[in-house]
Each structure stands twice: as structure tokens, then as C-alpha cells.
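The values are calculated or read from the model by the stated rules, or taken from the named source; none is laboratory data. Note that this is a predicted model, so its numbers are computed, not measured. Quick reminder, even Gly has a Cβ in these numbers, built from the backbone with ideal geometry, and neighbours come from all protein chains shown.
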Amino acid sequence: MWSGPHRGGVCVLAPFCILVCFVDILVSGQALATVSTMTPSAALVLFPTDTDSPERGNDSGTPAPASDNDDNSLGYTGSRFVRRIPPRIVEHPSDLIVSKGEPATLNCKAEGRPTPTIEWYKDGERVETDKDDPRSHRMLLPSGSLFFLRIVHGRRSKPDEGSYVCLARNYLGEAVSHNASLEVASHACY
């Protein structure tokens, strides 16, 4: 039998007991959500005070369904508060000097929730990787780094030499790394 939620009260769903308490979650003095119920599966049920505010940046959050791994044998549903974070670059690429035909890696690592996607740009143009063309000599690694199977460099064509940036993006925004130059070492004989 459901006795209904009461501010500071207890709801009873016979024959099981459900703990109900109302706690406002505050971030920087603003109410972010109200914790209202602890279900028998130990999933918190949150009622956000404002779910349509991605501009809140690091303080924003929305309710998300409880995961499939939850022990929910009693059939109750709930949600957990999931913090949404815009991307930020935590490892910037560094300048490289590499010999023609050798492998090279420009590192880039980003954090955010949801996990940001990474794209690379060379001299302002998007870099084509193996994700775009399986025959490409450039690979986008799972970490976000750009791996060159071999540096391509000729008299007329220098497709790998230039200034690179990585861009991390999720629906909350984007972050751009510092510039990193990739130069091909000259093998002049003296």
C-alpha cells in the first residue's frame, strides 16, 4: 500500500519499506536537484530543478536511468544523478621533429561527460584519418592521439608537415588544444 511522499516523511510500499527523504543538492548556492527516494534496489531517485541548462558547465546534471547492472529484482525503477561536464584538454600535443618515413605520435587527451570525441586539424583543415579512409597512414587512437604510420614528405608534397591542434567535442561544448608543429628533419650532408 502506497502512503505517498511527505516532506521529511516515510513512504511505505507493502511489504517492503522505502526510505524517503528530501535533500536539496546545492552547487554554488543554486538548487541542482532534490533527492527524494531510495528504492529497494538502492537507486537514488532525483528530481532535477533545471534539466535544460547545459550552460551550467561543471555544475550541470541530469537524471539518468539506473544501469542494467543494478540489482533490481523487485522491479522498482529509479534514476541516478549523472554529472555532465563540457570537454577540456588534459594532455596537449607537443612539437615534433621526425625523419621522413618514420612513425610519429601527436598526443591529445580530453576529459568530459559524455566522453568527448576528438578531431585533429592541420593548418586549419580537418585531418583525414583511418576512421575516414581505411587506407590512410594516419590513425586516430582510442586515447585521442594522432598516430602516423610513417611521415610522408616529398619535394612537391609535404602532407604531414604543419601546425596541428586537436579538438574535443561533446554536446556541452568543445575545447581546442595548444598548437603543435610537426617538422620533417632534413638530412643534409656536410
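Only one of these is surrounded by 12 or more Cβ atoms within 10 Å (Cβ to Cβ), under 30 Å from Val82 (Cβ atoms) and either touching a residue at least 60 places away in the same chain (Cβ under 8 Å) or over 22 Å from the mean Cα position of the chain (by Cα) (or both): Ala110, Ala104. Name it. Spell out how you get there, then give the answer.
Values: Ala104 fails: under 30 Å from Val82 (Cβ atoms).
After ruling out the rest, the residue left standing is Ala110.
Of all the criteria given as (1) hydroxyl-bearing (Ser, Thr, Tyr); (2) modelled with pLDDT under 90; (3) out of contact with any Ser or Thr (no Cβ under 6 Å at 6 or more places or on another chain), the one not satisfied by Tyr76 is (3). Residue under question is Leu146, and the condition is that it be surrounded by 19 or more Cβ atoms within 10 Å (Cβ to Cβ) and modelled with pLDDT of 95 or more; does it hold? Yes, satisfied.
Limited to region 159-175, what total is found for residues that are farther than 12 Å from Ala110 by Cα and surrounded by 15 or more Cβ atoms within 10 Å (Cβ to Cβ)? So that I can check it myself, show each step before the final result.
Of the residues in region 159-175, the ones farther than 12 Å from Ala110 by Cα are 159-165, 171-173.
Then keep just the ones that are surrounded by 15 or more Cβ atoms within 10 Å (Cβ to Cβ); that gives 160-162, 164-165, 172-173.
Qualifying residue count, region 159-175: 7.
Evaluate region 181-190: report whether one residue or more is aromatic (Phe, Trp, Tyr) and surrounded by 15 or more Cβ atoms within 10 Å (Cβ to Cβ). Scanning region 181-190 turns up no residue that is aromatic (Phe, Trp, Tyr) and surrounded by 15 or more Cβ atoms within 10 Å (Cβ to Cβ). None of Pro103, Pro63, Pro134 is at pLDDT below 95 and touching a Phe, Trp or Tyr at 6+ places or on another chain (Cβ under 7 Å) except Pro63. Considering (1) surrounded by 16 or more Cβ atoms within 10 Å (Cβ to Cβ); (2) of a type in the set (Val, Ile, Thr); (3) at pLDDT 95 or above, the lone condition that Val90 does not fulfil carries the number (1).
Restricting attention to region 121-140, the residues that are assigned to a loop (DSSP other than H, G, I, E, B), without any contact (Cβ under 8 Å) to a residue 12 or more places away in the chain and within 26 Å of the chain's Cα centre (by Cα) add up to 8.
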